[in-house]
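Chemist: Got a structure for you, questions after.
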Amino acid sequence: MNFKKDLAAILFELLDQEISATELELMIEKPKNQELGDLAFPCFTLAKLKRKSPNLIAQELSEKLHSPTFEKVEVVGAYLNIFLNKKTVSEEVVIEILQQQEKYGALEFGKGGQVTIDMSSPNIAKPFSMGHLRSTVIGNSIALIVEKCGYQPIKINHLGDWGTQFGKLITSYQLWGDVEKVKQNPIKELLTLYIKFHEEAETNPSLEDQGRSWFKKLEDGDEQALSLWQWFRDESLKEFSRIYELLNVEFDSLAGEAFYNDKMDRIVQLLEEKQLLVESNQAQVVELTEEQLPPCLIKKSDGATLYATRDLAAALYRKENYNFALSLYVVGHEQSLHFKQLIAVLEKMGFDWAQKMHHIPFGMMLKDGKKMSTRKGKVVLLEEVLTESIAMASHSIEEKNPNLANKAEVAKQVGVGAVIFHDLKNNRMNDIEFSLEDMLRFEGETGPYVQYSYARACSILRKANWDSELQTAAYNNAWDKEWKVVSVLMEFSHSIKRACENFDPSQVAKYVVDLAQAFNKYYAEVKILEENAEQQSRLALVDSVTVVLKEGLRLLGLEAPKEM
RNA sequence: GUCUCAGUAGCUCAGUAGGAUAGAGCAACAGUUUCCUAAACUGUAGGUCGGAGGUUCGAAUCCUCUCUGGGACACCA
């Protein structure tokens, strides 16, 4: 069902095989405006080759261009505009969707390859902020998209569960902590203790030493330190899992920073063997002057390891355990330099698979135009936002559909959907100014809008007692009013491909909005349930819209309630 | 200072392996429900694509310079 390819093959012959079909296929474009046609072929570049005016070439080609799938061919200036046969194509598309169901749009180019995705990665004992939301939601959608393209995704939550802050936290807990309080509200209480530590440390610098010494004990395997650390970790994870459940995100691995503690010596040793380690200001670094990057710090002057060391160990571990085809890191753009260095060091070590690693950066969540900081307490908590959004969805339901059966469940799906969609609909690199108002908007280009479109379509099928098994109903209309919808339906796979190639879920988000818009227009214009000869074909179209909307939403991590 | 990302309608953004008259949503204004869920649909208005050069049949898109804003740049992650 690749009409571009068909057209390219025909043009290849008509142009005396002077330009390859693949090249021609790349030249074919979609007209800006559907009234101009479904496919367009600009003839400007042919002018030199054929030594004729482009307009004349277009004219000549149009006279020779014939195919049963083309309804007509028009010439506008140097453009060859092709109109597809609406009836043939529409029936083909609709039947394909109804037969393939949720498999529609799937691709195979990733067949079998494993893709590790480093995502979410919140810090233990700290609140799950809006910043972590981005990594979680983008990573989750990329996992789903990559899977749709044949890969096997492995979602890794690289937890921030190690570091000097745990020494500080243990110190603070020993001095002012309370078991019950922590159990009741772990993250909030641990954060309070962490903040208190910093406040007290300003007047009592010896606390810093205590913190360091507790972290040393932790590293040395001190039982008391270790059990406290384990406890903090467990309690934090319990709380995170509540959020992950709301977001409907699961992980294949929770191997965080602590997991790599015993795997770093090997990296340092390897670097030494390859003579890449250089001493600089008492620290051990890998020089990256040829790569025009600042040196990468491997060991501090006191011999302790660093972030980069840990990530090197993690990269190697992932290669050896998953033998990834791609290794993705969904981490904020602030860390771009770090990942450039990381990949450069691995390449220097002779690991050609370093090229399979990709940093997937994204813009920041800003508050008043500035980065949000945990210290100033100016951090927005994701859970509060989600709760608020669900409440708002609930309110809308009471207003618009009070007789709905499972209100609470639907409110959750819609409320959470609004938040996720808001994050995914734009290019990842854009910074987002935090605005509850924008996030909880349910009209226009939003998650709820798409979900609503889906619910409407489902409602029609329900009213019609549509039997989805009837995949070959009589299709007998002109497919004129439905053409816009059909032409969007057939673009699904293309949007998935783009999303996968660029690791960009917004491609799918935009697609799903396009489809919802086309459907809503159709819905307003045509009375679908009208009982006439063409009713069955309209219902088949509506059914195929529900299939694609639902699958598109799924790829973004949103649910699709049948009623709302 | 170096590197990096961004600058398109009042606001939020699409569009960037060069193509036709630069598109949506929100907000504003005017409409649409005896009829399939109005979380919808229709219409009006809104633009020096930050600026200046260049490349060419053609530039929001590519190159150079420049202005503005965000971010990163050695012992945090």
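Chemist: Please work out which residue is farthest from RNA strand B (Cβ to nearest atom), limiting yourself to segment A:136-161 and to residues that are surrounded by 24 or more Cβ atoms within 10 Å (Cβ to Cβ) and polar (S, T, N, Q).
Modeler: Checking each candidate, the answer is A:Asn140.
Chemist: Further question: Looking at segment A:424-456 only, could you name the residues that are more than 6 Å from RNA strand B (Cβ to nearest atom) and aliphatic (A, V, I, L, M)? So that I can check it myself, show each step before the final result.
Modeler: So in segment A:424-456, the residues more than 6 Å from RNA strand B (Cβ to nearest atom) come out as A:424-425, A:428, A:433-441, A:446-447, A:450-451, A:453-454.
Matches in segment A:424-456: A:Leu424, A:Leu436, A:Met439, A:Leu440, A:Val450.
Chemist: Can you spot a residue in segment A:392-401 that is within 9 Å of RNA strand B (Cβ to nearest atom) and either closer than 18 Å to A:Val513 by Cβ or of a type in the set (Lys, Arg) (or both)?
Modeler: Yes.
Chemist: Here's another thing I want to ask about it. All but one of (1) away from RNA strand B (no atom under 14 Å from the Cβ); (2) within 24 Å of A:Ile154 (Cβ to Cβ); (3) touching a residue at least 60 places away in the same chain (Cβ under 8 Å); (4) surrounded by fewer than 17 Cβ atoms within 10 Å (Cβ to Cβ) hold for A:Lys274, so report the exception by its number.
Modeler: (2)
Chemist: With the requirement that a residue be touching a Phe, Trp or Tyr at 6+ places or on another chain (Cβ under 8 Å) and hydrophobic (A, V, I, L, M, F, W, C), what does segment A:408-459 give you?
Modeler: Matches in segment A:408-459: A:Val414, A:Ala418, A:Met429, A:Phe442, A:Val450, A:Ala457.
Chemist: Being under 8 Å from the mean Cα position of the chain (by Cα) and of a type in the set (S, T, N, Q) is the filter here, so list the residues in segment A:125-153 that pass it.
Modeler: The answer is A:Asn140, A:Ser141.
Chemist: Among the numbered criteria (1) within 11 Å of RNA strand B (Cβ to nearest atom); (2) assigned to a loop (DSSP other than H, G, I, E, B), which one does A:Phe339 miss?
Modeler: All conditions pass for A:Phe339, except number (2).
Chemist: I need the full set of residues from segment A:24-69 which are in a helix (DSSP H, G or I), of a type in the set (S, T, N, Q) and either near RNA strand B (Cβ under 8 Å from one of its atoms) or surrounded by 14 or more Cβ atoms within 10 Å (Cβ to Cβ) (or both), in order please. Spell out the reasoning first.
Modeler: Pass one, segment A:24-69, residues in a helix (DSSP H, G or I): A:24-27, A:34-36, A:46-50, A:54-64.
Those still in the list that are of a type in the set (S, T, N, Q) too: A:34, A:55, A:59, A:62.
Passing the criteria: A:Asn55, A:Gln59, A:Ser62.
Chemist: Scan segment A:240-249 and give yes if some residue there is on the phi > 0 side of the Ramachandran plot and under 31 Å from the mean Cα position of the chain (by Cα), otherwise no.
Modeler: Yes: segment A:240-249 contains one or more residues that are on the phi > 0 side of the Ramachandran plot and under 31 Å from the mean Cα position of the chain (by Cα).
Chemist: What are the pairs with Cβ atoms under 8 angstrom where one residue, in segment A:387-415, is within 23 Å of A:Arg242 (Cα to Cα) and in contact (Cβ under 8 Å) with a residue 40 or more places away in the chain and the other, located anywhere, is of a type in the set (D, E, K, R) and near RNA strand B (Cβ under 9 Å from one of its atoms)? Sequence gap at least six, or different chains.
Modeler: Close Cβ pairs (under 8 Å, with a partner that is of a type in the set (D, E, K, R) and near RNA strand B (Cβ under 9 Å from one of its atoms)) amount to A:Val410/A:Glu563.
Chemist: What number goes with the only condition from (1) modelled with pLDDT of 90 or more; (2) not in a helix (DSSP H, G or I) that A:Pro127 does not pass?
Modeler: The single condition A:Pro127 does not satisfy is (1).
Chemist: Restricting to segment A:1-23, what's the tally of residues that are without any contact (Cβ under 8 Å) to a residue 24 or more places away in the chain and within 13 Å of RNA strand B (Cβ to nearest atom)?
Modeler: Summing the residues that are without any contact (Cβ under 8 Å) to a residue 24 or more places away in the chain and within 13 Å of RNA strand B (Cβ to nearest atom) in segment A:1-23 gives 2.
Chemist: Within segment A:1-23, which residues are surrounded by fewer than 16 Cβ atoms within 10 Å (Cβ to Cβ) and basic (Lys, Arg)?
Modeler: If the condition is that a residue be surrounded by fewer than 16 Cβ atoms within 10 Å (Cβ to Cβ) and basic (Lys, Arg), then A:Lys5 is the only one that fits.
Chemist: Quick one: which of A:Ala308, A:Ala304 is within 11 Å of RNA strand B (Cβ to nearest atom), surrounded by fewer than 16 Cβ atoms within 10 Å (Cβ to Cβ) and among the small types (Gly, Ala, Ser)?
Modeler: Only one candidate passes the filter, namely A:Ala304.
Chemist: What residue, of A:Gly415, A:Gly350, is assigned to a loop (DSSP other than H, G, I, E, B), at pLDDT 95 or above and not acidic (Asp, Glu)?
Modeler: The match here is A:Gly350.
Chemist: Kindly list, by first and then second residue, each pair from a residue in segment A:508-528 that is more than 9 Å from RNA strand B (Cβ to nearest atom) to a residue that is hydrophobic (A, V, I, L, M, F, W, C) and not in a helix (DSSP H, G or I), limited to pairs with Cβ atoms under 6 Å and residues at least 6 apart or on different chains.
Modeler: Every condition considered, no pair remains.
Chemist: Look at A:Tyr317 and say whether it is part of a helix (DSSP H, G or I), hydroxyl-bearing (Ser, Thr, Tyr), modelled with pLDDT of 95 or more and more than 30 Å from A:Leu553 (Cα to Cα). Even if it seems obvious, please write down each step before you answer.
Modeler: Details: part of a helix (DSSP H, G or I): yes; hydroxyl-bearing (Ser, Thr, Tyr): yes; modelled with pLDDT of 95 or more: yes; more than 30 Å from A:Leu553 (Cα to Cα): yes.
Answer is yes for this residue.
Chemist: Okay, moving on. Which of the numbered conditions does A:Glu180 fail, given that it passes all the others? Conditions: (1) closer than 22 Å to A:Tyr244 by Cβ; (2) away from RNA strand B (no atom under 16 Å from the Cβ); (3) of a type in the set (D, E, K, R).
Modeler: (1)
Chemist: Would it be correct to say that A:Thr171 is without any contact (Cβ under 8 Å) to a residue 60 or more places away in the chain, surrounded by fewer than 20 Cβ atoms within 10 Å (Cβ to Cβ) and β-branched (Val, Ile, Thr)?
Modeler: no
Chemist: Could you look through segment A:316-334, keep only residues that are among the aromatic types (Phe, Trp, Tyr) and away from RNA strand B (no atom under 16 Å from the Cβ), and pick out the one that is farthest from the chain's Cα centre (by Cα)? Steps first, please.
Modeler: From segment A:316-334, those among the aromatic types (Phe, Trp, Tyr) are A:317, A:322, A:324, A:329; that's our starting set.
Now drop any that are not away from RNA strand B (no atom under 16 Å from the Cβ), which leaves A:322, A:324.
Numbers: A:Tyr322: 21, A:Phe324: 19 Å.
Top of the filtered list is A:Tyr322.
Matching residues to (1) of a type in the set (Gly, Ala, Ser); (2) within 16 Å of RNA strand B (Cβ to nearest atom):
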| residue | (1), (2) |
| --- | --- |
| A:Val75 | no, yes |
| A:Glu91 | no, no |
| A:Tyr104 | no, no |
| A:Glu108 | no, no |
| A:Gly113 | yes, no |
| A:Ile117 | no, no |
| A:Ser121 | yes, yes |
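Chemist: Here is a follow-up. Scan segment A:464-481 and give yes if some residue there is part of a helix (DSSP H, G or I) and either modelled with pLDDT of 95 or more or more than 12 Å from RNA strand B (Cβ to nearest atom) (or both), otherwise no.
Modeler: no
Chemist: Give just the number: which of (1) near RNA strand B (Cβ under 9 Å from one of its atoms); (2) on the phi < 0 side of the Ramachandran plot does A:Asn281 not satisfy?
Modeler: (2)
Chemist: All but one of (1) assigned to a loop (DSSP other than H, G, I, E, B); (2) of a type in the set (D, E, K, R); (3) touching a Phe, Trp or Tyr at 6+ places or on another chain (Cβ under 8 Å) hold for A:Glu91; state the number of the condition that does not hold.
Modeler: It fails just one condition, (1).
The values are calculated or read from the model by the stated rules, or taken from the named source; none is laboratory data. Since we're looking at a predicted model, the values are computed, not measured. In this analysis, Cβ positions are derived from the backbone assuming ideal geometry, glycine residues included, and neighbour counts consider all displayed protein chains.
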